[in-house]
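Readers should treat all values here as calculations from the given coordinates under stated rules, not as data from a laboratory. Not measured: the values here are computed from a predicted model. Cβ atoms come from the backbone with ideal geometry, glycine included; neighbour counts cover every protein chain shown.
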Amino acid sequence: MQVEKHSIEELNQQHIKDHRRRFEFAVADLADLDEVLQKLVAFNIAIPSWALGTGGTRFGRFSGGGEPRSLEEKIEDVGLIHALNRSSNSISLHIPWDIPEHPDSIKTLASQLGLHFDAVNSNTFQDQPGQKLSYKFGSLHHVDKAVRKQAIAHNIEVIKYGVQLGSKALSVWLSDGSNFPGQLNFRKAFQNTLESLQEIYEALPDDWKVWIEYKPFEPNFYSTTIGDWGQSYLLASKLGNKAATLVDLGHHLQGCNIEQIVSLLLMEGKLAGFHFNDSKYGDDDLTVGSINPYQLFLIFKELVEGMDARGMNHATDIGWMIDASHNVKDPIEDLLQSVQAIKIAYAQALLVDKAALEAAQNNNDVALAQEILQQAYRTDVRPLIAEASLRAGGALDPIGVFRKLNVREQLVKERGSKTVATGL
Ligand SMILES: [Mn+2]
């Protein structure tokens, strides 16, 4: 199904007076309003193909109704999200969960919905039916060269799918690691990983990038071969200009200063992309902004400042993607909430008085520096996000429209109540 533009406009009209009043109040003191709104309109966040169904945990999975049954239906769902918020104009595919059997028709369907294809993701953390060799003890770092070769070939195959769809990046996350001390020679594991990545790197088209994601633990609980940003950065540096580090917010130990990592990776030109989610304990994959919105703001403050320092385009020079799992919420509502939270943090970061902050830092005026940051963070920017959505043809209140139009009920009618999307 599709949400008609006129349905969104009709519902917007019902709230336009309240919106205007809130908006006028919110922007009264804002000097560069047009610039901020333009940036908000341009800012899009990719939706991963595995986030459109209800996820599970290792204890169970409680699927909702009307989940997408095919890649086509997943693309339709991203189209729905984009129609509502005008901020989700791309989809990131996971191979082999979402192999495009007919790339041309998939591409056409996506472009009809105003979508393109973001990074493609490989998977060597599971064995697939009919697979010759097992990844039980790792993939690109494996002690057996034959296993490494199989994993390399898979990544090269994923690049080929991506080329057919117009993607420009391969995103690699390895679960390779060890569960017990003594299981692994760290140096050999790293060296094997590097050599495997070098072969994959050689297969990248000229205008492609490879994004190297890190994670400290899970599924392995003693060591992970690409466990932190240092290990990812080391690999990316040795590989070359087409390789960079991908930061997933949930892939850090508790208390880690993620904003500082982001700042330095940006400084070195090695921040490739971002996976947004939120967490309280570990890699919880919760809705963005649901647990620690202040941290998200501090990260965006570094992103904006660091990208401006390098003259980068906020919207397009870094890969922005949600990587979350929805166990108890409607996946589309959850994704709409995540995108809103990201845009709120981005807008607040755009409001930071950079010149005043720099002066406070140079004067060691610690209290003033904090005041300046929190002044931006405590500004209610929701009317700006709503105005940006309105100007781009989206809904003032995306979730409200999703509910008022009974979108999920219609999807259940179309697809059935016992559907299960591919993914974790
Ligand atoms: Mn991730």
Express in nm, to one decimal, how much length is gained between residue 27 and residue 403 on full extension, taking 0.36 nm for each residue of separation and deducting their alpha carbon distance.
132.5 nm
Mean projected area, convex hull of alpha-carbon positions in region 27-144, reported to one decimal in nm², is 12.1 nm²
Out of all DSSP beta bridges with both ends in the chain, state the antiparallel percent to the nearest 5.
15 percent
When only alpha-carbon atoms count, how far does region 248-391 stretch along each of its three principal axes, as whole angstroms with the largest first?
48, 35, 29
So which of 160/418; 329/413; 149/188; 74/329; 149/270; 74/215 end up more than 25 Å apart by C-alpha?
160/418; 149/270; 74/215
Kyte-Doolittle mean at least -1.0 and Cα extent at least 27 Å along the axis: which DSSP H helices of the chain qualify?
145-165, 331-350
Give a quick list of trypsin sites (Lys or Arg not before Pro) in region 346-424 that DSSP marks as loop, anything other than H, G, I, E or B, with at most 16 other Cβ atoms within 10 Å.
378, 418
Value of Rg/Rh across region 184-294 [Cα atoms, Kirkwood radius]:
0.98
Chain lengthening between residue 186 and residue 4 when straightened (0.36 nm per residue, less Cα-Cα):
60.0 nm
Scan of the chain for GluC sites (Glu not before Pro) in DSSP loops with at most 14 other beta-carbon atoms within 10 Å gives a longest site-free stretch of 102-267
Stokes-Einstein D (µm²/s) once Rh is taken as the Kirkwood radius of region 319-388 over alpha-carbon pairs, at 37 °C in 0.692 mPa s
233 µm²/s
Can you show me the helix-derived [θ] at 222 nm for the chain, built from DSSP H runs with n ≥ 4 at -39,500 (n - 2.57) apiece and divided by the number of residues, rounded to the nearest 500.
-15000 deg cm²/dmol
Calculate how large, on average over all directions, the projected area of the Cα convex hull of region 16-91 is; give the answer in nm² to one decimal.
7.8 nm²
On alpha carbon coordinates alone, what is the Rg over Rh value for the chain, Rh being the Kirkwood radius?
0.97
If N is the number of residues in region 250-334, what value comes out of its Cα radius of gyration divided by 2.2 N^0.38 Å?
1.13
Viscosity 1.002 mPa s, temperature 20 °C: give me the Stokes-Einstein translational D for region 61-216 in µm²/s, with Rh taken as the Kirkwood radius over C-alpha pairs.
126 µm²/s
If each part is reduced to its alpha-carbon centroid, region 371-410 and region 1-75 end up apart, in Å, by 7 Å
Could you tell me the relative contact order of the chain? Use alpha-carbon pairs under 8 Å, at least six residues apart, and round to a whole percent.
24 percent
On the formula 1/(1 + (r/R0)^6), with r taken between the Cβ atoms of residue 238 and residue 264 and R0 of 22 Å, the FRET efficiency rounded to 0.05 is 0.80
